[in-house]
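What follows draws every value from the coordinates through simple rules; no lab data is involved. Only a predicted model underlies this, so the values are computations on that prediction, with no experimental measurement involved. Glycine also receives a Cβ, built like all others from the backbone with ideal geometry; neighbour counts cover every protein chain displayed.
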């Protein structure tokens, strides 16, 4: 963001330390929360107008939240809103997260103004049946098929979450995904749950939905189905195996939720207030445009890049190793550094001015 005119930014800090509910370690888990200190430091150094922090649900009731608020006050920001959002009315997935909107204290006009989060109304939850892969290839099915000891864990009533244990039927029947409702939430450790020991699963509960596409074949939710439920393009590149992909998807921000937050933040600016109907239209149009966002890039970007540089050095052999902080640049067709400005997504659309209406043929006034 250095040297750029970035007014707002949203940070999805690593929230692994807040996934155990009331027993979450928080800042006591130093490796898992090191990114939070970097987040506060970046906020102090960049001094953007507003910052949005997205965290797991348990963070909202953890004592660390007050510490983060104090640290952000040191960085020059004031809390104008905090609460929970679940975008299940815009995407077929339950992903309830805690959001905190910090506003730069120097913007007194906006800080002193009541913050209003957009209310989309009761649109109804979306069903996840459209993102379920019905005719899955054999190789993909084998990667998520449940067998042996893992199937025994899923079929054990003791490992059901407490809110499911009162239901009638076998554990497998209770776990079957209801495709007429949004997909249940999944976390970054979704792909590793079946590998956890029995005592830990008995304490925490095994939160995992299953599908039964064929008789005697039980499978888990695929990373591609989870990707579609989040509202992301199906041609997104995901790593192998499934557990690595869920480690990214489980921590990822849902674009529809980010659009609601962004519209609410834009509408909070004191010098340019917007009505709620304008903001709702902004959210709907933004989500519609996001579906075809990839199509606004150059056609050549669908092929392999011609030149790849890592920290300024050309890469000639693969695989390559890089770490956090490295600068990776991809080039297609030897394009220059300034040609990105010609891509459609960065162009401003100039709407033509509409003049007065011409009189009709029967000489009647158009007024």
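Tabulated data for the structure shown
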read-out	value
Potential lengthening between residue 70 and residue 25 on full extension [0.36 nm per residue; Cα-Cα distance subtracted]	14.3 nm
Region 105-151-region 38-62 distance, computed between alpha-carbon centres (Å)	22 Å
Shape category assigned to region 129-243 from the gyration tensor of Cα positions, a/c cut at 1.5	prolate
Relative exposure of 19, 93, 151, 193, judged by other C-beta atoms within 10 Å (fewest first)	151, 19, 193, 93
Where only alpha carbons of region 1-114 are counted, the Rg and the Dmax (Å)	14.5, 41
Full-extension gain in nm, residue 166 to residue 96, via 0.36 nm per residue minus C-alpha separation	22.8 nm
Rounded if a/c under 1.5, otherwise prolate or oblate - region 178-298, Cα gyration tensor axes	prolate
Inter-label distance for residue 12 and residue 266, nm, one decimal - labels placed 7 Å from Cα along Cα-to-Cβ	2.0 nm
FRET efficiency estimate (nearest 0.05) - Cβ-Cβ, residue 237 to residue 316, R0 30 angstrom	0.85
236, 152 arranged by Cβ crowding within 10 Å, fewest neighbours leading	152, 236
Tensor-based shape of region 241-282 (alpha-carbon gyration tensor, a/c under 1.5 rounded, otherwise prolate or oblate)	prolate
Extended-chain gain in nm, criterion 0.36 nm per residue less alpha-carbon gap, residue 326 and residue 155	57.0 nm
Separation in nanometres of the label points that stand 7 Å from Cα toward Cβ, at residue 127 and residue 198	3.9 nm
Residue 189/residue 47 FRET efficiency (R0 25 Å; Cβ-Cβ; nearest 0.05)	0.10
